[in-house]
1. Taking the residues in the stretch 56-87 that are outside any helix (DSSP H, G or I) and at pLDDT below 95 as candidates, determine which candidate is surrounded by the most Cβ atoms within 10 Å (Cβ to Cβ).
2. Filtering the stretch 34-55 down to residues that are under 19 Å from Ser22 (Cα atoms) and aliphatic (A, V, I, L, M), which residue is surrounded by the fewest Cβ atoms within 10 Å (Cβ to Cβ)?
3. Does Val25 satisfy the condition of being modelled with pLDDT under 95 and in contact with a Pro (Cβ under 8 Å, 6 or more places away or on another chain)?
Amino acid sequence: MRDIRDAARDQRKHLPVSSCMSQQVKTITSNEPLLRAMETMVTEDIGRLPVLESGNLIGIITRSDVMRALYPKRMAKGSREKQIQRK
């Protein structure tokens, strides 16, 4: 997201994606522990990691995915509270 925000701020919206994308992409494999994903996101200051299996992209894990896995009841409660507030 930072790359996109920078491009928008600098009036570079017309440029191709390749001109502002991250090129040194951190990844994780599907069989690595959740702790490794968390550590990578924190140390690299990134919000999502592409997940690879046999070198192929099979998904993306986000900080929100990690939080939901670690705190399923708390996240469900927060979602419920947001739904009630919207009504």
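1. Residues of the stretch 56-87 outside any helix (DSSP H, G or I): 56-62, 71, 87.
Still in the list and also at pLDDT below 95: 71, 87.
Numbers: Tyr71: 12, Lys87: 4.
The residue in question is Tyr71.
2. First pass over the stretch 34-55, keeping only residues under 19 Å from Ser22 (Cα atoms): 37, 40-52, 55.
Within this subset, residues satisfying the condition of being aliphatic (A, V, I, L, M) are 37, 41-42, 46, 49, 51-52.
On the way: Ala37: 21, Met41: 19, Val42: 10, Ile46: 16, Leu49: 24, Val51: 19, Leu52: 15.
Top of the filtered list is Val42.
3. On the way: modelled with pLDDT under 95: yes; in contact with a Pro (Cβ under 8 Å, 6 or more places away or on another chain): yes.
Yes, satisfied.
The values are calculated or read from the model by the stated rules, or taken from the named source; none is laboratory data. For clarity, every value in this text was computed on a predicted model and none was experimentally measured. So basically every Cβ, Gly included, is an ideal-geometry build from the backbone, and we count neighbours across all protein chains shown.
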